[in-house]
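Just so it is clear, none of the values below were taken in a lab; they were calculated from the coordinates. As the structure is a computational prediction, the values presented were derived from the model and not from experiment. Cβ coordinates were reconstructed from backbone atoms using ideal geometry, including for glycine residues, and neighbour counts include every protein chain displayed.
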Amino acid sequence: MYGSYRLSNLDISVRDLRLWVEKGGLYRYRRKLGNSEIEKIFLSDQEVILNPVEPVNLPRSITNYLFIQFSKPLLVEPASSVEIYLTFPIEVGVFVVKGDVLDEIDVFSFVNPKYALYGEPRGGVIARFWQSEIFSNPPNVDFLENGVMRLKIQNVSDSWCEVTKVVFDVFAMKIYYSDEIVSSIAEMKIQSRRIAETSFLDKPMFEGMKKAIELYTARRIPILATKFTMEWGI
């Protein structure tokens, strides 16, 4: 499903998703998914790209934070590092391309979004919430619903630390995809039992993967920070 299309030949049916274009004097882009349906009109044929995007846009843009809760606590010894794999939810962006200019025309997902508060009511942040198992190797997942994240956890403190969650600012998220997997690579540096810094790396997990269009680039939103400090517990 991911890839480049012409409006004139766009016709996708996957599960309960139908995405197609009605051609006449105009090009009517239509998408039905569950109870959701949209229609947009183009005057001429255009290139359209579908790819996974940062999962914080549905049902509307209310946050730029992703909160992944671990299914079980992870203990990390002092002055050490470990690599684990997690899953994250996928949203699909639809972009229209004209030369070097691209614009978002639609975002949808096969996963119902949930949100949660990370931190205190007055100073915390609302974040897209997701719960993930911890894996020692990349898990086999449904690549239309779940991405795979490789997370390097570095404990620079002198204490054993119990990690139960990780929170990211997805303005800096880098997503890569292939015909079999959607992935992202991230880091978490633990400063103490309550504080950690998180960030993303801009590289594919496997050779041959394509880099996804970043939704915040398409929206021309400037990235002010590439790291997030978890101040309300790890």
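For the reader, a short list of remarks on this structure follows.
- Computed E for residue 207/residue 120 - FRET, C-beta separation, R0 41 angstrom, nearest 0.05: 0.40
- Eligible aspartates and glutamates near residue 210 by straight Cα distance, threshold 13 Å, same-chain separation 8 or greater: 179, 180, 202
- Restriction of the trypsin sites (Lys or Arg not before Pro) in region 1-50 to DSSP coil positions whose beta-carbon has at most 14 other beta-carbons within 10 angstrom yields 15.
- Toward the positive end of the charge dipole of the chain, with +1 on the Cβ of Lys and Arg and -1 on the Cβ of Asp and Glu, the farthest Cα among 25, 2, 234 is that of 25.
- With contacts taken as Cα pairs under 8 Å at a separation of at least 6 residues, region 92-192 carries a relative contact order of 22 percent.
- Here the dipole of region 128-198 is about 340 debye; that uses its Cα centre as origin and unit charges on the Cβ of Lys and Arg (positive) and Asp and Glu (negative).
- Gain on full extension, evaluated as 0.36 nm per residue between residue 103 and residue 18 minus their Cα-Cα distance, stands at 28.5 nm.
- Counting only aspartates and glutamates at least 8 places from residue 72 when in the same chain, those with an alpha carbon closer than 15 Å to its own are 133, 162.
- When the alpha carbon coordinates of region 1-86 are projected onto the principal axes, the ranges are 66, 25, 25 Å, largest first.
- Proximal lysines to residue 23, defined as alpha-carbon separation beneath 26 angstrom and excluding residues fewer than eight positions away on the same chain: 32, 40, 98
- When region 97-234 is reduced to its Cα atoms, the Kirkwood hydrodynamic radius in Å: 16.8 Å
- Divide the volume of the convex hull around the Cα atoms of the chain by the residue count and you get 130 Å³ per residue.
- Extension gain, residue 82-residue 63: 0.36 nm per intervening residue step, less the Cα-Cα distance, totals 3.9 nm.
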